[in-house]
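J.: Can you read through this structure? Questions will come right after.
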Amino acid sequence: MSETAIEPTSPDGDPSDDSAAPAEEVVDAPLGPAGTKALDEWKRRAKEAEKASREQARRLQALEDRDKTEVQRASERAEAAEKRAAAMAQRTVRAEVRALAAATFADPSDAAAFLDPSDFMDDDGDVDSKKLERALADLLKRKPHLAREGAPPSFDGGARRTADKPPSMNDLIRQKAGLG
């Protein structure tokens, strides 16, 4: 009886394409002392290469900066400052949204997720609180499931007061006699 091996082939007839064959799960065996040592060596080399890469990038940036004029450097610093200012403004609006939504939303971060912060910034970078409050109210109308639940029902039974002192026999006689 002869045994033949059948290799899976792709539609092109290329036997090296393994996409048609089911993937086998590879289980890593313990490395052992030699494998652990080699892995540590590779990790050390990777850290050194990363450090060298960062150093080279710094040197390249320094060389590029050296050739730039003072105006170009100032322009780049101004652009970076504008980006930071825009990011801070966005954070400010999101914080304002969460602060205003805390009173009416179950999770104030939901309000921040549904609203675009840039809609509530004016040209000076201030937050338009009135517009934000209207948008939050509109959001609650459209998505009432985001609202905070009302106060839990009270099973108190109403206000309580102490019972009046029971009348004595003398009080009852005076009352019947009309003396008061």
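J.: Looking at Ala106, Ala78, which one is touching a Lys or Arg at 6+ places or on another chain (Cβ under 6 Å) and of a type outside the set (Phe, Trp, Tyr)?
T.: Ala106
J.: Name the pairs whose Cβ atoms lie under 7 Å apart, with the first residue in the range 31-57 and assigned to a helix (DSSP H, G or I), the second surrounded by 10 or more Cβ atoms within 10 Å (Cβ to Cβ) and of a type in the set (A, V, I, L, M, F, W, C), and 6 or more positions between them or separate chains?
T.: Leu39/Leu31
J.: Please verify whether Phe120 is under 30 Å from Ala135 (Cβ atoms), open to solvent by 90 Å² or more (accessible area, probe 1.4 Å) and among the hydrophobic types (A, V, I, L, M, F, W, C), treating the condition exactly as stated.
T.: Judged against the criteria, Phe120 is not a match.
J.: Within the set of pairs 6+ apart or on separate chains, which have a first residue in the range 113-131 that is free of Cβ contacts under 8 Å to residues at least 24 places away in the same chain, a second that is surrounded by 15 or more Cβ atoms within 10 Å (Cβ to Cβ), and C-beta atoms under 8 Å apart?
T.: If the second residue must be surrounded by 15 or more Cβ atoms within 10 Å (Cβ to Cβ), the pairs left are Asp119/Ala135; Asp122/Asp128; Asp128/Phe120; Asp128/Met121; Lys131/Phe120.
J.: Residue by residue through the range 123-153, note down the ones that are among the basic types (Lys, Arg) and either surrounded by 15 or more Cβ atoms within 10 Å (Cβ to Cβ) or in contact with a helix residue (DSSP H, G or I) (Cβ under 6 Å, 6 or more places away or on another chain) (or both).
T.: Within the range 123-153, just Lys131 meets the criteria.
J.: Additional query: It is to be established whether one or more residues within the range 96-103 are exposed (fewer than 10 other Cβ atoms within 10 Å of the Cβ) and of a type in the set (Gly, Ala, Ser).
T.: The answer is yes; a qualifying residue exists.
For every residue, the table says whether it meets (1) in contact with a Leu (Cβ under 6 Å, 6 or more places away or on another chain); (2) open to solvent by less than 90 Å² (accessible area, probe 1.4 Å); (3) at pLDDT below 90.
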residue	(1), (2), (3)
Thr9	no, yes, yes
Ala46	no, yes, no
Ala52	no, yes, no
Asp65	no, yes, yes
Arg91	no, no, yes
Phe105	yes, yes, yes
Pro108	no, yes, yes
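The values are calculated or read from the model by the stated rules, or taken from the named source; none is laboratory data. The structure displayed is predicted, hence computed values, not measured ones. No Cβ is skipped: glycine too gets one built from the backbone with ideal geometry, and neighbour counts run over all protein chains shown. Ligands, DNA and RNA are stripped out before the accessible areas are found, and what is left, the full protein with its side chains, is counted by its heavy atoms. Shrake-Rupley method; radii C 1.70, N 1.55, O 1.52, S 1.80 Å.
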